[in-house]
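K.L.:
The structure that follows is given in the form of structure tokens.
The values are calculated or read from the model by the stated rules, or taken from the named source; none is laboratory data. As the structure is a prediction and not an experimental result, all values here were calculated from the model. Note that we place each Cβ from the backbone using ideal geometry, even for glycine, and neighbour counts take in every protein chain shown. The area values use the complete protein model at the heavy-atom level, side chains included, leaving out ligands, DNA and RNA. Shrake-Rupley method; radii C 1.70, N 1.55, O 1.52, S 1.80 Å.
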Amino acid sequence: MRRRTSLTLLNALSLSRLPLAAVFVVLEDPLVRVGLVVAAALTDFLDGYIARHKHLESPWGALIDPIADRAFVMVALLAFVLEGRLTPLEFGILVVRDVATGLGFVVARIVPRFRPVQFKARMLGKVVTTLQLGALLAVLLVPVLVRPLVIAVGLTALASVVDYTAAVWRARARPGSRGPHIPTPTGRGAA
């Protein structure tokens, strides 16, 4: 299969999380929603695994993948807030890392010094995403675990934001650095 076709299929796999998010809102059956969360997690794992092992990383994939991830998680969490299954405070804690890294991405695009950056996923970001998905499943299956997972996401998100910020400052401090590696919240990353 040609590289361009393979990249298109990987991006379609990432983008499949958008219709999954729409279905999540429309169908309120807990088991269907569990299946949707699992499907979203599997597509995230698969597109990243295939991209890394087949050397199909791309700047577009590095952008599409985390946007699709964040869209699914945000829509699902907002649905839970509107249904009264999560409080607005819990929602805020669950998305603080996403908001912070989203703002960081915008700043990196606006500030000329950071424009040539390559975005790469960081381990703490992946841990936060995994805990977020765990929180989604907990809301549906084991509500008693929601509060501990929200706390775990909050603490890990804080560490993740510090990690991302430190990576930016280290890259900025390198004299003559042409392309600092600034992390992305999650996703395939560009090589």
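K.L.:
Output yes when any residue across segment 103-117 is at pLDDT below 95, open to solvent by less than 20 Å² (accessible area, probe 1.4 Å) and under 19 Å from Met74 (Cα atoms), and no when none is.
P.N.:
No, because not a single residue in segment 103-117 is at pLDDT below 95, open to solvent by less than 20 Å² (accessible area, probe 1.4 Å) and under 19 Å from Met74 (Cα atoms).
K.L.:
From Arg97, Arg147, which residue is touching a Ser or Thr at 6+ places or on another chain (Cβ under 8 Å), basic (Lys, Arg) and assigned to a helix (DSSP H, G or I)?
P.N.:
So the residue among Arg97, Arg147 that is touching a Ser or Thr at 6+ places or on another chain (Cβ under 8 Å), basic (Lys, Arg) and assigned to a helix (DSSP H, G or I) is Arg97.
Conditions tested, residue by residue: (1) open to solvent by 70 Å² or more (accessible area, probe 1.4 Å); (2) closer than 25 Å to Pro30 by Cα.
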| residue | (1), (2) |
| --- | --- |
| Val128 | no, yes |
| Leu145 | yes, yes |
| Ser160 | no, no |
| Tyr164 | no, no |
